[in-house]
Amino acid sequence: MNLALWILAGLLAALFLAAGATKLLQPKAKVVETSGEWAESYSPGAIKGIGLVEVLGALGLILPAALDIAPVLVPLAATGLALTMVGAAVTHGRRTGEGQHVAFNVVLVLLAAVVAWGRFGPYSF
């Protein structure tokens, strides 16, 4: 199970790192084009903030355990990313025609929750 949690954390980290970097490095218009119309409702600073949270969460899933420096940050990062995706699901749920995004967000919440459960509980570092 430890290996499965590492693989799951790695996949989540790659996904959140890519998504967060996109939001951090691209202008708002490009984010709207690539990530969806939800971004129209947010200021450029808010979009960059969301991207920063995603990048930090991705780093928090891997680096603390890999470097053996405060590995308790891994389940905290997983919990934070799960909460971030709950917010994303609410945002997409309020918008018309974004049901597929809600489903994807729910899957990410569940995957991040599994990592948090495993690393807080029976498979902690």
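The numbers here are math on the coordinates, done by the rules we state, and not lab data. In this text, all values refer to a predicted model and were calculated from it rather than measured experimentally. Note that we place each Cβ from the backbone using ideal geometry, even for glycine, and neighbour counts take in every protein chain shown.
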Rounded to the nearest 10 degrees, the helix 44-67 long axis (Cα) sits at an angle to the longest Cα principal axis of the chain of 10 degrees
If you plug each phi of the stretch 8-19 into the Karplus form 6.51 cos²θ - 1.76 cosθ + 1.60 with θ = phi - 60°, what whole-Hz ³J(HN,Hα) values come out, in order, with x for Gly and Pro?
4, 5, x, 5, 4, 4, 4, 5, 5, 5, 5, 5
Fewest-first ranking of GLU54, GLU40, using other Cβ atoms within 10 Å as the exposure measure
GLU40, GLU54
Where the centroid of each part is defined by its Cα atoms, how far is the stretch 1-44 from the stretch 76-125 in Å?
13 Å
For a Förster distance of 35 Å, can you work out the FRET efficiency between the beta-carbons of ARG94 and TRP117, rounded to the nearest 0.05?
0.80
